[in-house]
Amino acid sequence: MRKVLLAVVAVVIMVFGVSFISHGAEEPAKPAEAAAKPAEAAVKPLDVGDQVTDFELPGLDGKAISFAKDIKGKNTVGFVIFMTSACSACQAEVAAINEIKAKYKDQVGIYCVAVDIRGADSVKPYADTYKYEATYLLDPKFTLPRKFGFTFTPSVLLIDKEGKILFKKGGYSPGDEDLLQEKVVSMLKK
């Protein structure tokens, strides 16, 4: 028993001794001010009044969908919804926006940017089940929402025909559809 105890103590001393020696060989710590500065300047998220910069993401069929060629200018008002297929709040948001689209037909477009990690494997069954009048784009790495300052789903952009952001919001609460409808009606009157 005493030999086992001595062996354990020896191993502990070796581990801490090696750890102590290796930590002593490190470079001296840098001042907190230098460590706090990011390597690159942060890019300011796009906001209301900004033009949506071009982006390209795959659709459910794997073909690339470009903002400049396939979305901008297609409808008087466009909804870009950042969502996941497993999110009940996202589903409620898309359903509410789909009802708005039903009222205004081709004047309103819906573009669902699905950030599901499994991509089309998750989103295709969702699209087949709910049959919303939406174009689905796949962004499993959550790159596009960050360009607009969003860190969660659902998040919504409302854009005009020229690709200018007219409204944006993150999250969903019952009744949001009334605000979105007001925004659409206001935009269609212009």
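With the condition being over 23 Å from THR53 (Cβ atoms) and aromatic (Phe, Trp, Tyr), I'd like the helices (runs of 4 or more DSSP H) fully within the range 74-190 carrying at least 2 qualifying residues. Break it down into steps so the answer makes sense when it comes.
Working: elements: 88-104, 120-130, 143-147, 176-189.
Output list reads 120-130.
This table checks each residue for (1) on the phi > 0 side of the Ramachandran plot; (2) among the basic types (Lys, Arg); (3) modelled with pLDDT of 95 or more; (4) out of contact with any helix residue (DSSP H, G or I) (no Cβ under 8 Å at 6 or more places or on another chain).
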site: TYR130; (1), (2), (3), (4): no, no, yes, no
site: TYR136; (1), (2), (3), (4): no, no, yes, no
site: LEU144; (1), (2), (3), (4): no, no, yes, yes
site: LEU158; (1), (2), (3), (4): no, no, yes, no
site: LYS164; (1), (2), (3), (4): no, yes, yes, yes
site: GLY170; (1), (2), (3), (4): no, no, yes, yes
site: MET187; (1), (2), (3), (4): no, no, no, yes
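Report whether or not PHE148 is at pLDDT 95 or above, under 10 Å from the mean Cα position of the chain (by Cα) and either more than 21 Å from ALA68 (Cβ to Cβ) or of a type in the set (Phe, Trp, Tyr) (or both).
Numbers: at pLDDT 95 or above: yes; under 10 Å from the mean Cα position of the chain (by Cα): yes; either more than 21 Å from ALA68 (Cβ to Cβ) or of a type in the set (Phe, Trp, Tyr) (or both): yes.
For PHE148, the condition - at pLDDT 95 or above, under 10 Å from the mean Cα position of the chain (by Cα) and either more than 21 Å from ALA68 (Cβ to Cβ) or of a type in the set (Phe, Trp, Tyr) (or both) - is met.
Given the structure, is ASP106 of a type outside the set (A, V, I, L, M, F, W, C) and surrounded by 12 or more Cβ atoms within 10 Å (Cβ to Cβ)?
Details: of a type outside the set (A, V, I, L, M, F, W, C): yes; surrounded by 12 or more Cβ atoms within 10 Å (Cβ to Cβ): no.
Answer is no for this residue.
The values are calculated or read from the model by the stated rules, or taken from the named source; none is laboratory data. Given the structure is predicted, the values throughout are model-derived calculations rather than measurements. Here Cβ is always computed from backbone atoms with ideal geometry, including for glycine, and neighbour counts include all displayed protein chains.
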